[in-house]
1. Go through region 245-303 and name the trypsin sites (Lys or Arg not before Pro) that are in a DSSP coil and have 10 or fewer other Cβ atoms within 10 Å of their Cβ.
2. Would you kindly calculate the mean projected area, averaged across all directions, of the convex hull enclosing the Cα atoms of the chain, in square nanometres?
3. Name the long-range amide H neighbours of GLN261: under 5 Å, sequence gap of 5 or more, or other chain; modelled H, no Pro or chain starts.
4. Between ILE181 and residues 5 or more places away or on another chain, which pairs have amide H atoms under 5 Å apart, with H built 1.01 Å from N, and which residues are they?
5. Looking at the chain only, what percent of DSSP beta bridges run antiparallel? Nearest 5 please.
6. ³J(HN,Hα) across region 76-89 via Karplus (A = 6.51, B = -1.76, C = 1.60, θ = phi - 60°), whole Hz, x for Gly/Pro?
7. When only DSSP loop residues count, what trypsin sites (Lys or Arg not before Pro) in region 16-107 have their Cβ near at most 14 other Cβ atoms within 10 Å?
8. In Å and from the alpha-carbon atoms only, list the Rg and Dmax of region 257-330.
Amino acid sequence: MVNILVLSAYDADSHKRWHQGLVRYLKDEALPDGQPLNFTVLTLPARFFSWRIRGNALSWALGEKTVLQSQKWDAIIATSMVDLATLKGLVPCLASVPTCVYFHENQFAYPVTLHSHKTIEPQMVTLYSALAANKVCFNSEYNKSTFLAGVTALLKKLPDQIPQGVVENIQQKSQVLPVPIEPEYFALAANTPPQSAALKAPCTSEAPSGLKTFGVLAQPLTLVWNHRWEYDKCPELLLAIVQYLCETAPNLHLRFHIVGQKFRQVPKAFESLHLLLTQKNWLGEWGYLPRAEYLAVLKNSHIVLSTAAHDFQGLAVMDAVAAGCVPLLPHRVAYPDFFSSDYLFGLGGIDTVTDSAVDNVTDHSAESLLAAQAAQAIIAYCQAPNHLQAPNIDRLSWPVLKQQYVQLFNALVTHTY
């Protein structure tokens, strides 16, 4: 039996989902030599970020001493929040255990706000962990490239005694290995009629001013926006898209499901968004939903819309696409790694912003032009609903990716990294 220690130092939802998937989908797998995999998972709550990222090694080294010393570990896989270098120093029996650090995100590519506290401490912890590991995995090429670029930029700022080859060391042992999507999301699409069939029956209606004549769908074109309600998901851009639709195509038959996890402080854009969608009778579900209701929303939506300026993989989007939704995403962050330009608005993406559309934008900022392009894409889907075709992302499912995880653990155990 291969004993693998899984460490999640800041156990946010995506991290939890990842390590639960490891246990669930790899528990019946074995290495090529026939040894079955056995997982022991240690986690710390996703709160008090600054303390958690700096103090997790102390919490585990003393608080979980019995578990850490209970057996001979064959491999460790730790999230990037784990202070691996310190933990190995405090628990000598872990020092020689082959280790992989898994990056769900990196501390160099978070959007900066006026209220951000600028410190290099989180960046240094993740840098030391990457150097202390035998393998480094990232959930997307975007995550990998921004981390390596961030390390390069950081090292250039430090005053002296910076050795050569730090970035190259990490790059040579790095690979991209996404968080897999569970079969239950793909099952939703299997039980849903094709989008084109579901949206075939148009009826005529007066065309919105400035647009080509088009049929209005017999049912609303349904969009789901399913992110954390925080600044980095850009709710202001979402509001701008809806405002553009209201001004340019007020007669569209739309339904917006604005769902996701809320926190104590909610960006002000949501208040204006709720008011506007209610006035237009475009409002569907609003706020956090129980799981069964959330899955039903994904199953019954046509488009998954994102406005995020921060997504290192985009699990919420991928869940919806697996369920049959067509992605409509900004051409930034990790999205171009996984989806073609047919599904992306912005530079190099969907070419739907006409001259007249741009003329309707009074504020020609980058975000306003993005809003215009996303809105025009929504209008285009209403004009030609049979073009609604969700891309196939089977390659990101657990049944497909689990062998890559088995290969990773085999490389660690056999020291062939």
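1. The qualifying sites are ARG264.
2. 21.8 nm²
3. Those lying under 5 Å, H to H, from GLN261 are ARG228, TRP229.
4. Amide H neighbours of ILE181, under 5 Å, 5+ apart: SER397, TRP398.
5. On the way: 3 of 42 bridges.
Of the beta bridges lying entirely in the chain, close to 5 percent run antiparallel.
6. 10, 10, 10, 5, 5, 6, 6, 7, 5, 4, 5, 4, 5, x
7. Working: sites: LYS16, ARG17, ARG24, LYS27, ARG47, ARG52, ARG54, LYS65, LYS72, LYS88; in loops: LYS27, ARG47, LYS72.
Loop-located and lightly packed - LYS27, ARG47, LYS72.
8. So, for region 257-330, Rg and Dmax equal 12.8, 34 Å respectively.
The values are calculated or read from the model by the stated rules, or taken from the named source; none is laboratory data. Only a predicted model underlies this, so the values are computations on that prediction, with no experimental measurement involved. Virtual Cβ from ideal backbone geometry, glycine too; neighbours counted across all protein chains shown. We work out accessible area using only protein heavy atoms, side chains counted, and drop any ligands, DNA or RNA first. Shrake-Rupley method; radii C 1.70, N 1.55, O 1.52, S 1.80 Å.
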